[in-house]
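A short worksheet on the structure shown next.
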Amino acid sequence: MIRDLLRDRGFVAGAVIATGMVLVAVTAPLLAALAGQDYTTYHDTLLDSARGGVPIGAFGGISGEHWLGVEPGTGRDLFARLVYGAQVSLGVGIGATVLEVLLGVTVGVAAGLGGRWADAGLSRVIDLVLSVPSLVLAISLLAIVPQDWPRPIILAVVIAVLGWGGTARISRGETLTLRTRDYVAAAQVAGAPWWRVARREILPGLTAPILTYAALLLPTNMVVEAGLSFLGVGVRPPTPSWGQMLSTATTWFRADPAYVFLPGLLLFLTLLSFVLVANGLRRVLDPRQREVLR
Amino acid sequence: MIGHLLRRIIGGLIVLLALSALIYALFYLAPSDPAILACGKGCTPERLADVRTAMGLDEPVLTQYWHFLQGIVAGRDYPFGPGVRHCPAPCLGYSFETSQPVTTLLLDRIPVSFSLALGAEILSLTLGIGTGLLSGTRRFRWFDRLVNGLVLAGYATPVFLVGLLLLLLFCVHLQWLPFPTYVPFTTDPLLWAQNLILPWISLAVIQTAAYARLTRAGLADSLAEDHIRTARAYGIPERRILWRKALRGALLPLVTLTAVDLAQIITSAVLTETMFGLPGVGQLLVGAVNQIDLPVVVGVTLVTGLIMVCANAAADLLYAAVDPRVELR
């Protein structure tokens, strides 16, 4: 299976970039220290006040000190802001995905294994979650959450609470198929309690479909985080996030186009790498898709 | 059919009622004070007290919710300061910040969101099915690969990034188009389309990718079916097999998706509207969040919920109508 994965060039490229991004996010303080910069200090002297605060110099003021230039208007170091932005983007994305999988698999397996009434009730809940306008609700919820609560955690929780429906539906469907298998029936007849059946007989069978689905959920959640931060309901300043930087860029893109490209390119590359990984995983784990996706 | 329709409508109403109760509970039992959240930016203690009495926030939550439901059916009067603010029949709340009923605010914005969603949906359906078919027939290997790559890239591209790049290219660099401002269709259809073309494209990118992928997979599945093999064995020309037989099976799942997707776009075009400064429902929501205008936030959330519930019901009915294998219970 691993050999199949390694033969997929897209997967390998995606995996390399994705791993690199995770490393950047984890070592963000170290990288910023290495550059000798932090993400909060203003550098007014590097800005051209005659032109409204655009960085002095080519490509957004790139220099030996500021490797990727500085932010227009504030003069904060762009390299430091970008690497710290990776923390928010990946942290919220991964956190939300893990929560969604936990919640979705629990509800899905419970619906699939439970009796008729449990299944009917839980299925309605799943339908409700799936049909809720999630972006609108996320914005509204984030607007009423008290401002002093830890923002990245709230973001991950809100995204997860509104987005676990898909995982639950898949888990339920797979569980319903799995429970007709002989070995599951045998375990049940042998008197295994429902939680042991769920853990020992059902969960192993769920791994492949859930993994494929979750791999695509991760970039989706990162897009949602970027979008929410873009709209100003994500993380609070001065914490940097790529989405938030892009939103600042909308006011600067005429004067300082370089400022659009860096966070935009990073976001795109990171998302693409995770999508490529997800695509590779699906090809290998879902034999039905093999032919279709080639 | 009629029985099914009735059951579907009642089911939808129950879901809506549950949704409204949930939203009401969330917003009015949250740790933040709803009066402060409805009072607006320039809030004074007197104004806060007025808002509190007007919204009846001192009453039990259940009573408040009951008044809210009554307002939707029969309209409602808010005693505000010395006077009374009237909110006519489908009353979804009253925005004290803008001194207007939420329903009025929403009705002003829905045509914009609808224009945006309809154009984007038509564009992405055309492009998506087209590319999906061209690559699904596998006549051109390189094209197939290109589409596959674009589909993946489409998944990895946030709407606002596409929008930003389009603005940068067409409005700043090439200067082919002016910066978008919304012109109603009834005023000037041509200007309406000209101003909406960039938002349409940026919304359509992701949707196109999804449709292309679905069409392609659907066509592959449907070409592998027995009746196609039979048709081939009878010597029916390949072109005819494709258009008459395979296409039908491939596009069936898309029909039902369209209704839900249209609703999705109407409700989730928040980013595009903000990006291009279009005065739609999404922008109303973001504005209300920034202005601290809770009644509008609640109203928008409820109406988007309503749109989604209707779309899901429509999708179910459509599915039964186009696919003879589905029987209505």
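The values are calculated or read from the model by the stated rules, or taken from the named source; none is laboratory data. Model, not experiment: these values are computed from the prediction. Note that we place each Cβ from the backbone using ideal geometry, even for glycine, and neighbour counts take in every protein chain shown. Just the protein is used for accessible areas: all its heavy atoms, side chains included, with ligands, DNA and RNA removed. Shrake-Rupley method; radii C 1.70, N 1.55, O 1.52, S 1.80 Å.
Projecting the Cα positions of A:93, A:108, A:205 onto the charge dipole of chain A (unit charges on Cβ atoms of Lys, Arg, Asp and Glu, taken about the Cα centre) puts A:205 furthest along the positive direction. Here's how it looks for residue B:100: its modeled amide H is under 5 Å from those of B:95, which are all 5 or more places away or on a different chain.
Provide a list, ordered by number, of residues in the range A:104-135 showing at least 50 Å² less accessible area with every protein chain present than when their chain is taken on its own, using a 1.4 Å probe. Listed in order, they are A:128, A:131, A:133, A:135.
On average, how many beta carbons from a partner chain sit within 10 Å of the beta carbon of a residue in B:148-159? For peptide B:148-159, the averaged partner shielding equals 6.
Computed packing ranks the peptides B:255-262, A:123-130 as B:255-262, A:123-130, most packed first, by mean other Cβ atoms within 10 Å. The residues of chain B expose, per residue, 49 Å² of accessible area to a 1.4 Å probe.
Residues of the range B:290-307 that bury at least 20 Å² of accessible area once all protein chains are present, compared with their chain alone (1.4 Å probe, heavy atoms only, ligands and nucleic acids left out), are B:301, B:304. Shielding of peptide A:245-253 by partners, expressed as the average count of other chain Cβ atoms within 10 Å per residue Cβ, is 3.
Per atom type, the protein assembly as shown shows carbon and sulfur on 66% of its accessible surface, probed at 1.4 Å. Rounded if a/c is under 1.5, else prolate if a/b is larger than b/c, else oblate: which is chain A, with a ≥ b ≥ c the root eigenvalues of its Cα gyration tensor? Taking the square roots of the gyration eigenvalues as a ≥ b ≥ c, chain A is prolate. Within 10 Å of the Cβ of each residue in B:262-274, the mean number of Cβ atoms contributed by other protein chains is 3.
Ranking request for peptides B:55-65, B:164-174: highest mean number of other beta-carbon atoms within 10 Å first, then the rest in descending order. If you can, show how the numbers build up before the last one.
Working: B:55-65: 13.6, B:164-174: 16.4.
Result, highest mean first: B:164-174, B:55-65.
Rounded to the nearest 10 degrees, the inclination of helix B:281-291 to the longest alpha-carbon principal axis of chain B is 40 degrees. Residue-wise HN-Hα couplings along the range B:239-252, as the Karplus relation 6.51 cos²θ - 1.76 cosθ + 1.60 with θ = phi - 60° gives them from phi, are 4, 5, 4, 4, 6, 7, 10, 5, 4, 4, x, 6, 8, 3 Hz; Gly and Pro carry x. In terms of its C-alpha gyration tensor, the protein assembly as shown comes out rounded, because the ratio a/c of the largest to the smallest axis stays below 1.5. Amide H to amide H distances under 5 Å link residue A:48 with A:53, A:54, A:56, where only residues 5 or more positions off or on other chains count and H is placed in the peptide plane.
Between chain B and chain A, roughly 3900 Å² of accessible surface gets buried, counting both sides and using a 1.4 Å probe.
Loop-located trypsin sites (Lys or Arg not before Pro) across the range B:1-97 with a Cβ neighbour count of 11 or fewer within 10 Å are B:41, with loop assigned by DSSP. Helix B:45-55 and the longest principal axis of the C-alpha atoms of chain B enclose an angle of approximately 60°.
The overall shape of the range B:94-143 is prolate: from the C-alpha gyration tensor, with semi-axes ordered a ≥ b ≥ c, the ratio a/c is 1.5 or greater and a/b exceeds b/c.
Can you tell me, using C-alpha contacts under 8 Å and at least 6 residues apart, the relative contact order of chain A as a whole percent? Walk me through the numbers before you get to the answer.
Details: 411 pairs, mean separation 72.1, N = 294.
That works out to 25 percent.
The helix-only estimate of mean residue ellipticity at 222 nm for chain B, built from DSSP H runs of length n ≥ 4 each weighted as -39500 (n - 2.57), is -23500 deg cm²/dmol after division by the residue total.
Once you reduce the range A:216-276 and the range A:113-128 to the center of their Cα atoms, the two points are 37 Å from each other.
When the chymotrypsin sites (Phe, Trp or Tyr not before Pro) in the range B:215-297 are filtered for DSSP coil states and for at most 16 other beta-carbon atoms within 10 Å of their beta-carbon, the remaining sites are B:234. Helical runs (DSSP H, four residues minimum) scored at -39500 (n - 2.57) apiece and divided by the length of chain A put the mean residue ellipticity at 222 nm at -23000 deg cm²/dmol. The angle between the Cα long axis of helix B:102-136 and the longest principal axis of the Cα atoms of chain B comes to about 10 degrees, rounded to the nearest 10. For the range B:83-158, chymotrypsin sites (Phe, Trp or Tyr not before Pro) are listed when DSSP marks them as loop and at most 14 other Cβ atoms sit within 10 Å of their Cβ; the list is B:140. In this structure the amide hydrogen of residue B:80, modeled in the peptide plane, comes within under 5 Å of the amide hydrogens of B:85, none closer than 5 places in sequence on its chain.
Show me B:194-206, A:4-16 ranked by packing, highest mean number of other Cβ atoms within 10 Å first.
Numbers: B:194-206: 21.8, A:4-16: 15.8.
Ranking, from highest mean packing down: B:194-206, A:4-16.
Counting only whole DSSP H helices of chain A, the ones at least 30 Å long by C-alpha along their axis and with mean Kyte-Doolittle hydropathy no lower than 0.0 are A:78-113, A:203-230, A:258-285.
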